[in-house]
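First the structure, in the form of structure tokens, and then the observations on it.
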Amino acid sequence: MDLEAQFERTVAAEQRVEPRDWMPDGYRKTLIRQIAQHAHSEIIGMQPEGNWISRAPSLRRKAILLAKVQDEAGHGLYLYAATETLGADRGELTEKLISGRQKYSSIFNYPTLSYADVGVIGWLVDGAAICNQVPLCRTSYGPYARAMIRICKEESFHQRQGYELLMTMMSGTDAQRAMVQESVNRWWWPSLMMFGPPDAESSNTEQSMKWRIKRNTNDELRQKFVDMTVPQARKLGVTLPDPELRWNPERGHHDFGQPDWDEFWQVVGGNGPTNAQRIAHRRKAHEDGEWVRAAAAAHAAKHAVREGVA
Amino acid sequence: MSFDNAYESLIDGHEDAHWAFGTGFAEPLAGVDREVPDVDRADLAAYCLMLGDDALVLSQRLAEWCSRAPELEEDVALANIALDLLGQARMLLTRAGEVEGAGRDEDALAYLRDERDFRNVHLAEIECGPFAGGDFGTTMARLLVFSSWKLAQYSRLRASADPVLAAVAAKGLKELAYHRDHAAQWVVRLGDGTEESHRRVRAGLERVWPFLAELFTPHAVELRLAGVAVDPAELRSEVDGVLDEVLAAAGLTRPADVPAARVNGLAGRDGVHTEAFGYLLAEMQHLHRSLPGAKW
């Protein structure tokens, strides 16, 4: 049996492909691109939430937020490590990120403008991310699937903390309730955009479904997210800003309106509210750290010579 | 565990069992005796603030690195150290409020005190990077000095007559040992690495060295609380020994000991701070103060 047929059989039988197994070039490239974009998203995602660490309104909230942003750095690390099992190099992927040649989740190109945004990002953005990511725990590539299991557990924790912050704020003052509603109004549509364009316009879906890299279509996941979120919003006491949102008993799902896809493509294309700022921040951190990484490498090399193990 | 069920579990946010972790942090001092020893309460409260403010303010400074570190691993490590210090600060401020007995909790003390009521040493508050005032080398130089000093202080504080301070110190020691080790490794790497890194960490040491003397200058409160507080003058030789050892391994020489002058004899422990400190507090406190009566 040839290698390609064996690979196809492994994938079709829902078995895992491991780093040393043969795989088609297209599969390898698609995976590196997808996992790297996910890793970049974790790292860029540190910025909008990190924006509020210094101003967190209680010490407990400061600890929770700092721990969350730290988890995101950790997720980035696991995911870059997963790309390295496919022959990619973290340094090269970082170069691609800061030169704009590889993308990250567009949601992080929206600004965080109040502390309620910290809660809403946990609830809606992490919630949407979980909907996207839970199926990836069964994705065909072993190291990616295993990283995703750990990430999903931690993301669930973050989602719950975000929701708990919002619950607390809703039980506070009128100003806090208004702050939560205003934040939900700003983040609802961008959260729906996180599932990607409608299936009819999504270029990568079909092959990725066949390879079991992707397991559900964009529209299926978006529906799941809306159905999951509506009762949570009710419990919270906020209104989701979509006049078309209503339960459809025939479908057994909620009907809902479409996000502004022109805005989506603008943000994806680099013209979002903070695209340039996010990349410049990442580039500055990377460039400012160059002398530190060089020093660590030089020290390690000297040390190896001194120990006689060079 | 079936991951398809995770969707369902997310719908009901109130069932603890559906989540991998809880949302609260466990009470780290559960079971510790909280009796107040027979000393002047105002002095003990002030001493708890001194220790708590040291930890809180340095945590705030270190968290500035978040998303700005030279490596992802270092982002994780610096956040971890900031979190450890924040945890220590919360226990110490809570104790300060409890001993004071005026109903102030950790947040009232962190967010509603003005600059002159903060008791931290200047070393914790000065800017050492990532923004103005330094870089990663300066940050590691400060962390080395601070954690070496704190470690010496906490190792004595374990025997404090205040059971809460003793417990905080016992718990904090393990954390501080890691912080010191982390900073020492970096100072050695940077001192030994390249010409540029040697020059930068050397500049960092020179930046922080004038703030060393304050660490070992006893405040009247510390001297009055014999048996409860640690006399910082006793820490000098131990800390010097550690610093000399690390600097030698790094190929760095010790900067000249020229202490920063005090203001009419006063410094951080007296509530007299550096210019940078007001900005730190303005940023840290503004949201909390903007919404009086809010619940977080």
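Helix by helix through chain B, keep the DSSP H runs that span 15 Å or more along the axis on Cα and average at least -1.0 on Kyte-Doolittle, and give those back in order.
Answer set is B:41-63, B:72-100, B:136-157, B:163-192, B:236-250, B:275-290.
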Check your understanding: Add -39500 (n - 2.57) for each DSSP H run of 4 or more in chain A, then divide by its residues: what number comes out at 222 nm, to the nearest 500 deg cm²/dmol?
Key -> -20500 deg cm²/dmol
Review point. Rg and Dmax of the protein assembly as shown, using alpha carbons, in Å: what are they?
Key: 26.2, 87
Review point. What list of whole percents do you get for P(r) of the range A:42-187, with Cα-Cα distances grouped in 10 Å bins up to the one holding the largest distance?
Key: 11, 39, 33, 14, 3, 0
Point to revise | Average accessible area per residue (Å²) across chain B - probe 1.4 Å, nucleic acids and ligands excluded | key: 40
Point to revise | Cα centroid separation - the range B:247-284 against the range A:73-133, whole Å | key: 38
Revision key, fill the gap. The Kirkwood hydrodynamic radius of the range A:101-245, taken as the inverse of the mean 1/r over all distinct Cα pairs, in Å, comes to 16.1
Study note, to complete from the structure: Rg (one decimal) and Dmax (whole number) from the Cα set of the range B:31-188, in Å, equal 15.7, 49
Review point. Which value, in debye to the nearest 20, gives the size of the charge dipole of the range B:133-186 about its Cα centre, when Lys and Arg are +1 and Asp and Glu are -1 at the Cβ?
Key: 160
Practice item. Return the aspartates and glutamates within reach of B:Lys295: Cα separation strictly under 18 angstrom, same-chain partners fewer than 8 residues apart disregarded; answer none if there are no such residues. Key: A:Asp117, A:Glu164, A:Asp174, A:Glu182, B:Asp105, B:Glu106, B:Asp107
Exercise for review: Return one whole number: the accessible area per residue of the range A:215-297 in Å², for a 1.4 Å probe.
Suggested key: 51
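From the convex hull of the Cα coordinates of the range B:215-267, what is the mean projected area in square nanometres?
4.7
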Practice item. Would you work out which of B:Gln153, B:Leu215, B:Leu165 lies farthest towards the positive end of the dipole of the range B:130-241, given +1 charges on the beta-carbon of Lys and Arg and -1 on that of Asp and Glu, about the Cα centre? Key: B:Leu165
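Can you give me the Kirkwood hydrodynamic radius for the range B:118-167, using every pair of distinct Cα atoms, in Å to one decimal?
Hydrodynamic radius (Kirkwood, Cα only) of the range B:118-167 equals 12.4 Å.
Report the percentage of all Cα-Cα pairs in the range A:20-110 whose separation exceeds 18 Å, rounded to a whole percent.
Numbers: 2055 of 4095 pairs.
Value for the range A:20-110: 50 percent of Cα pairs lie more than 18 Å apart.
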Check your understanding: If you roll a 1.4 Å probe over chain A with all protein chains in place, what percent of the accessible area is carbon or sulfur?
Key -> 52
Revision key, fill the gap. For B:143-152, B:175-184, ranked highest to lowest by mean beta-carbon neighbours within 10 Å, the order is B:143-152, B:175-184
Study note, to complete from the structure: Of the listed links A:Lys29/A:Lys214; A:Lys96/A:Lys210; A:Lys29/A:Lys96, those spanning more than 18 angstrom between alpha carbons are A:Lys96/A:Lys210
Check your understanding: Between B:Ser237 and B:Arg34, what is the spin-label point distance in nm, taking each point 7 Å from the Cα along the Cα→C-beta axis?
Key -> 4.0
Study note, to complete from the structure: Per the Kirkwood formula over distinct C-alpha pairs, the hydrodynamic radius of the range A:142-199 in angstrom is 13.8
**Study point:** Selection from A:His254, A:Ala280, A:Val292, by position along the positive dipole direction of the range A:236-292 (Cβ)
**Key:** A:Val292
Point to revise | Given charges at beta-carbon only (K, R positive; D, E negative), |dipole| of the protein assembly as shown in Debye | key: 420
Review point. A:Trp265 to B:Val258: FRET efficiency via 1/(1 + (r/R0)^6), r the Cβ-Cβ distance, R0 41 Å, to the nearest 0.05?
Key: 0.10
Exercise for review: Would you tell me the mean number of C-beta atoms belonging to other protein chains that fall within 10 Å of each C-beta in A:60-73, as a whole number?
Suggested key: 6
Check your understanding: Once you average over the residues of B:74-80, how many Cβ atoms of partner chains fall within 10 Å of each Cβ?
Key -> 6
Point to revise | Probe 1.4 Å, accessible area per residue of the range A:52-148, Å² | key: 24
Review point. Along the three principal axes, how long is chain B when you take its alpha carbons, biggest first, rounded to the nearest angstrom?
Key: 62, 51, 37
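Calculate the FRET efficiency for B:His286 and A:Arg293 from the Cβ-Cβ distance with a Förster distance of 60 Å, rounded to the nearest 0.05.
0.95
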Point to revise | Apportionment of accessible area to carbon and sulfur, chain B, percent (1.4 Å) | key: 52
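Return the value, in Å² to the nearest 100, of accessible area buried between chains A and B (probe 1.4 Å, both sides summed). Could the numbers behind the result be given before it?
On the way: alone 15720 and 14790 Å², together 24390 Å².
Approximately 6100 Å², summed over both chains.
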**Study point:** Kirkwood hydrodynamic radius (C-alpha pairs) into Stokes-Einstein, the range A:161-310, 25 °C and 0.890 mPa s, D in µm²/s
**Key:** 124
Practice item. Return the tail of the calculated pair distribution for chain A, meaning the percent of Cα-Cα pairs more than 24 Å apart. Key: 58
Revision key, fill the gap. Magnitude of the Cβ-charge dipole (Lys and Arg +1, Asp and Glu -1) of the range A:221-287 about the Cα centre, nearest 20 debye, reported as 440
Exercise for review: For the range A:244-310, run through the trypsin sites (Lys or Arg not before Pro) and keep only the ones in DSSP coil with at most 15 other Cβ atoms within 10 Å of their Cβ.
Suggested key: A:Arg251
Exercise for review: Once every Cα of the range B:196-243 carries one equal point scatterer and solvent is ignored, give the base-10 log of I(q)/I(0) from the Debye formula at q = 0.18, 0.24, 0.25, 0.26 Å⁻¹, two decimals.
Suggested key: -0.66, -0.89, -0.92, -0.96
**Study point:** Area projected by the alpha carbon convex hull of the range A:259-310, averaged over all directions, nm²
**Key:** 5.5
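The values are calculated or read from the model by the stated rules, or taken from the named source; none is laboratory data. Computed from a predicted model, the values in this text were never measured in an experiment. As a convention, Cβ positions derive from the backbone with ideal geometry for all residues, glycine included, and neighbour counts pool all protein chains shown. Quick note on the areas: whole protein, heavy atoms, side chains included, nothing else; ligands and nucleic acids left out. Shrake-Rupley method; radii C 1.70, N 1.55, O 1.52, S 1.80 Å.
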